[in-house]
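Engineer: Encoded as structure tokens, here's the structure I'll be asking about.
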Amino acid sequence: MTTIAVISDVHANLSAFQAVLTDIHRHKVSKIYCLGDLVGYYTEPVPTIHLAIARCEVVIKGNHDQAAALGDVPLYYRNVTQPPIEFTTQGLTVNERKILHGLPLMYTLYLDNHRAMMIHGGPEYPLDQYMYPEDEEDIQSTFDFMDLIEIDVLFLGHTHIPFIRQRDNRIICNPGAVGQPRDGDNRASYVLFDMETFNTKFIRVSYDPTQTIEGIKKHHLSIELAERLLAGK
């Protein structure tokens, strides 16, 4: 089977993650690849980590995964970001922190004579590079990098905004976010990608966010996290 599912930025939103996995199963895709940020923002990191490790072929390390694993929140993180990471770190066992710390920064998939690289942020800064579809300079630089190392497809996340850009025979694709979409659509987002034909299908999945929002309130996290969830921004 040449079609794979690519997801990103689950952020401990277990309800959204379960809905996406159910939808992927409906499409009969055998392999799922995750571009990182299993944790952060929302309040069910432990089941999210174990479910991702069980169901995904590969999970890439994201910046929130790194921060939670080390128990070290970078100073430049926004105030709304810090408490969820601290909450996450306190609730993880040593083994779960080891799992997050041991996730790879990037992964290259070889399939049907094509090479696809998977990364959380971008090739310059794997954990924390933001790449948006309107940033022509970054996009062109990344295509040049892909040409240099002979990568056909680059999957990346981090911005929570789905997009695809194509130049000649190379593709950059962001599947959007499972746990906290930011493109104005609050439904969870992921991509089905055919590694033979490069056919790309963005999928949106509705789910009930009640459990996620109740977790925010229960653990006294910022209400902004609930507002962003509902607005998809």
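The values are calculated or read from the model by the stated rules, or taken from the named source; none is laboratory data. Keep in mind it's a predicted model, so treat the numbers as computed, not measured. Because the Cβ atoms are built from the backbone with ideal geometry, glycine has one as well, and the counts that use them run over all protein chains shown.
Engineer: Take Glu44 and tell me if it is farther than 28 Å from Ile171 by Cα and of a type in the set (Asp, Glu).
Structural biologist: yes
Engineer: Looking at Tyr132, Tyr207, can you tell me which residue is in a loop (DSSP other than H, G, I, E, B) and farther than 21 Å from Met106 by Cβ?
Structural biologist: Tyr207
Engineer: Which residue pairs have Cβ atoms under 9 Å apart, sit 6 or more places apart or on different chains, and have a first residue in the stretch 127-140 that is in contact (Cβ under 8 Å) with a residue 24 or more places away in the chain and within 15 Å of Gly157 (Cα to Cα) and a second that is outside any loop (DSSP other than H, G, I, E, B) and among the acidic types (Asp, Glu)?
Structural biologist: Leu127/Asp65; Gln129/Asp138; Tyr130/Asp138; Met131/Asp138; Tyr132/Asp138
Engineer: Gly215 - would you say it is buried (at least 20 other Cβ atoms within 10 Å of the Cβ), assigned to a loop (DSSP other than H, G, I, E, B), at pLDDT 95 or above and not acidic (Asp, Glu)?
Structural biologist: Considered against the rule, which asks whether it is buried (at least 20 other Cβ atoms within 10 Å of the Cβ), assigned to a loop (DSSP other than H, G, I, E, B), at pLDDT 95 or above and not acidic (Asp, Glu), Gly215 comes out as no.
Engineer: Within the set of pairs 6+ apart or on separate chains, which have a first residue in the stretch 207-227 that is under 22 Å from Gln90 (Cα atoms) and free of Cβ contacts under 8 Å to residues at least 12 places away in the same chain, a second that is loosely packed, with under 13 Cβ neighbours inside 10 Å and aliphatic (A, V, I, L, M), and C-beta atoms under 9 Å apart?
Structural biologist: From the stretch 207-227, the pairs are Lys217/Ile223.
Engineer: Something else about it: Taking the stretch 9-45 as the region of interest, how many residues are surrounded by fewer than 19 Cβ atoms within 10 Å (Cβ to Cβ) and in a loop (DSSP other than H, G, I, E, B)?
Structural biologist: Residues flagged as surrounded by fewer than 19 Cβ atoms within 10 Å (Cβ to Cβ) and in a loop (DSSP other than H, G, I, E, B) within the stretch 9-45 amount to 5.
Engineer: (1) more than 18 Å from His219 (Cα to Cα); (2) assigned to a helix (DSSP H, G or I); (3) hydrophobic (A, V, I, L, M, F, W, C): which one isn't true of Met117, the others all being true?
Structural biologist: Unmet for Met117, out of (1) more than 18 Å from His219 (Cα to Cα); (2) assigned to a helix (DSSP H, G or I); (3) hydrophobic (A, V, I, L, M, F, W, C): (2).
Engineer: Taking the options Ile53, Ile24, Ile49, Ile4, name whichever one is closer than 23 Å to Cys173 by Cα, touching a helix residue (DSSP H, G or I) at 6+ places or on another chain (Cβ under 7 Å) and either among the hydrophobic types (A, V, I, L, M, F, W, C) or modelled with pLDDT of 95 or more (or both).
Structural biologist: Ile53
Engineer: Counting only residues that are among the charged types (D, E, K, R) and farther than 21 Å from Thr200 by Cα, which one in the stretch 80-131 is modelled with the lowest pLDDT?
Structural biologist: My answer is Glu124.
Engineer: Please state which one of Phe143, Phe198 is surrounded by 14 or more Cβ atoms within 10 Å (Cβ to Cβ) and assigned to a helix (DSSP H, G or I).
Structural biologist: Phe143
Engineer: Those residues that are surrounded by fewer than 22 Cβ atoms within 10 Å (Cβ to Cβ) and either aromatic (Phe, Trp, Tyr) or in contact (Cβ under 8 Å) with a residue 40 or more places away in the chain (or both), I need them from the stretch 153-171; list them, please.
Structural biologist: Phe163
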